[in-house]
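The values are calculated or read from the model by the stated rules, or taken from the named source; none is laboratory data. Owing to the predicted nature of the structure, the values given are computational and were not obtained by experimental measurement. Positions of Cβ are backbone-derived with ideal geometry, glycine not excepted, and every protein chain shown enters the neighbour counts.
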Amino acid sequence: MQDNILVVGSSGQIGSELVLELRKSYGEDHVIASDIVESSVEVMNFGQFEILDITDNEKLLRIVKKHNISQIYLLAAILSANAEKNINHAWDLNMRSLFNVLNLAKEKIIKKIFWPSSIAVFGPTTPKQLTPQYTVTEPNTVYGISKLAGERWCEYYFNKFNVDVRSIRYPGLIGWKSKPGGGTTDYAVEIFHQAIQNNTYTSFLSEKTTLPMMYMSDAIRATIEIMEAPFEKIKIRSSYNLSGISFNPREISNEISNHIKDFKINYSADFRQGIADSWPQSIDDSFAKEHWDWESKYNLTNMTDEMIINLKNKYKLASDEK
Ligand code: NAD
Ligand code: SER
């Protein structure tokens with residue numbers, strides 16, 4: 001029998017794209033989207049959707065049974081910048097959501113879980129260049145602490161209860177179909193929207209703040225590839241390092257200037273600078289390459305090309321419709 005998949009957090013930056021890709025592979029009837037708020041028109045209109053607060057364990061169980069769910073992609077979370085504004089809520093949501101889903105697998109009600117971690121598990125004492133899989137992890141943000149704790153619990157549930165949980169430490173993600181939800185790497189999406197609409201952008205990170213990033217289609221592909229890999233190939237059950245592109249605000253603005261000649265960037269760093277300064281600049285993902293054949297496809301140039309072409313089309317279509 002074919003697996004039925006529940007995506008929790010389908011209205012977010014990743015969920016709104018992941019649902020559409022999963023439905024292409026598994027069929028509209030087999031991928032159920034869910035979130036605390038309604039999702040995009042594409043997600044809502046072409047497949048089933050449930051309103052779900054993931055901290056509501058009883059409703060989660062009802063939905064899992066109703067749709068005969070065997071896999072959950074858990075994307076609901078509070079990201080780094082927003083988490084600093086409400087530390088109790090961020091800790092509560094990021095941890096309770098994970099336990100609710102891990103416990104469903106422990107009870108053998110579901111078979112497989114995807115749960116994303118982040119480069120935020122690293123901190124100021126971590127080596128910044130080509131950060132290894134196994135290294136110092138002393139995060140100093142509530143988001144990073146919750147992701148590191150989550151990784152330890154994933155590995156614990158795998159070892160003690162045989163729970164098939166798979167995880168990636170996503171870098172900052174950049175896509176044109178959806179907007180980011182309150183992270184430190186959000187500038188790298190906002191810059192494209194502002195460049196196309198206003199020819200100018202004020203970055204909340206300073207010009208030389210290099211961070212690990214990834215184009216969304218690489219990230220979605222990695223997510224589906226790790227979930228579809230044979231059980232025995234997934235040897236790391238905390239979370240895999242994953243690497244795409246590293247750049248800073250000045251480098252991405254130079255690339256955008258190749259498409260938008262009079263584009264101007266200004267810098268006005270805020271509290272997110274401190275978070276960014278605590279994170280690595282580049283990531284060593286050799287275990288993901290070796291274990292499940294991961295390979296990224298996008299660099300700064302081809303990612304920028306795709307972002308600009310697609311966002312220009314999107315804004316043109318929106319203005320034509322008015
Ligand atoms: P997002 O903020 O865009 O989306 C999160 C979604 O969760 C939102 O649609 C929100 O409505 C939903 N949500 C919030 N509270 C909920 C609740 N109680 N019940 C159900 N849904 C709830 O986040 P995203 O960027 O799509 O990130 C998804 C996951 O990937 C998160 O775990 C995040 O930490 C991780 N991640 C994201 C990035 C990135 O750059 N986007 C990088 C590293 C890791
Ligand atoms: N993009 C995420 C953030 O900035 C990294 O996990 O919070």
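Selection of the range 285-301 for residues being part of a helix (DSSP H, G or I), touching a residue at least 40 places away in the same chain (Cβ under 8 Å) and closer than 28 Å to MET227 by Cα yields SER286, PHE287, ALA288, HIS291, TRP292, LEU300.
In the range 117-138, of all residues being hydrophobic (A, V, I, L, M, F, W, C) and away from ligand 2 (no atom under 14 Å from the Cβ), the one that is farthest from ILE245 (Cα to Cα) corresponds to VAL136. Restricting LEU22, LEU18 to residues that are within 16 Å of ligand 2 (Cβ to nearest atom) and either closer than 15 Å to GLU228 by Cβ or over 15 Å from the mean Cα position of the chain (by Cα) (or both) narrows the list to LEU18.
Determine whether ARG237 is away from ligand 2 (no atom under 16 Å from the Cβ), assigned to a loop (DSSP other than H, G, I, E, B), under 20 Å from ALA105 (Cα atoms) and within 19 Å of the chain's Cα centre (by Cα). Criteria met by ARG237. What do you reckon, is GLU207 of a type in the set (Asp, Glu), surrounded by fewer than 20 Cβ atoms within 10 Å (Cβ to Cβ), assigned to a helix (DSSP H, G or I) and at pLDDT 95 or above? Here the answer is no, as GLU207 does not meet what is asked. When the range 91-102 is examined, which residues are found to be in contact with a helix residue (DSSP H, G or I) (Cβ under 9 Å, 6 or more places away or on another chain) and free of Cβ contacts under 8 Å to residues at least 60 places away in the same chain? The answer is TRP91, LEU93, ASN94, MET95, ARG96, LEU98, PHE99, ASN100.
Cβ-Cβ contacts under 7 Å between residues 6 or more apart (or on different chains), taken from a first residue in the range 171-194 that is within 12 Å of ligand 1 (Cβ to nearest atom) to a second residue that is acidic (Asp, Glu), are listed as GLY175/GLU17; LYS177/GLU17; SER178/GLU17; PRO180/ASP186. Among the residues of the range 181-199, count how many are within 15 Å of ligand 2 (Cβ to nearest atom) and either basic (Lys, Arg) or at pLDDT 95 or above (or both). Qualifying residue count for the region: 10.
Within the range 158-168, the only residue that satisfies the criterion of being within 13 Å of ligand 2 (Cβ to nearest atom) and touching an Asp or Glu at 6+ places or on another chain (Cβ under 8 Å) is SER167. SER253 meets the stated requirement of being over 16 Å from the mean Cα position of the chain (by Cα) and either at pLDDT 95 or above or part of a helix (DSSP H, G or I) (or both). When the residues of the range 154-170 are filtered to those that are of a type in the set (D, E, K, R) and out of contact with any Lys or Arg (no Cβ under 7 Å at 6 or more places or on another chain), the one that is nearest to ligand 1 (Cβ to nearest atom) is ARG169. If you check LYS160 against the conditions, is it in contact (Cβ under 8 Å) with a residue 40 or more places away in the chain and over 18 Å from GLY244 (Cα atoms)? No: the conditions fail for LYS160.
Rundown of residues vs (1) of a type outside the set (Asp, Glu); (2) touching a residue at least 60 places away in the same chain (Cβ under 8 Å), yes/no style:
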site: ASP29; (1), (2): no, no
site: ILE36; (1), (2): yes, no
site: SER40; (1), (2): yes, yes
site: VAL43; (1), (2): yes, no
site: ILE51; (1), (2): yes, no
site: HIS67; (1), (2): yes, yes
site: ALA76; (1), (2): yes, yes
site: GLU84; (1), (2): no, yes
site: HIS89; (1), (2): yes, no
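Here is the figure for the range 139-157: residues that are over 17 Å from TYR240 (Cα atoms) and surrounded by fewer than 21 Cβ atoms within 10 Å (Cβ to Cβ) total 1.
Residue pairs whose Cβ atoms lie under 7 Å apart, separated by 6 or more positions or on different chains, with the first residue in the range 7-24 and under 14 Å from ILE36 (Cα atoms) and the second near ligand 1 (Cβ under 6 Å from one of its atoms) and β-branched (Val, Ile, Thr), are VAL8/ILE54; SER11/VAL37. Of the helices (runs of 4 or more DSSP H) that lie entirely inside the range 16-113, those containing 2 or more residues that are near ligand 1 (Cβ under 10 Å from one of its atoms) and of a type in the set (A, V, I, L, M) span 87-106.
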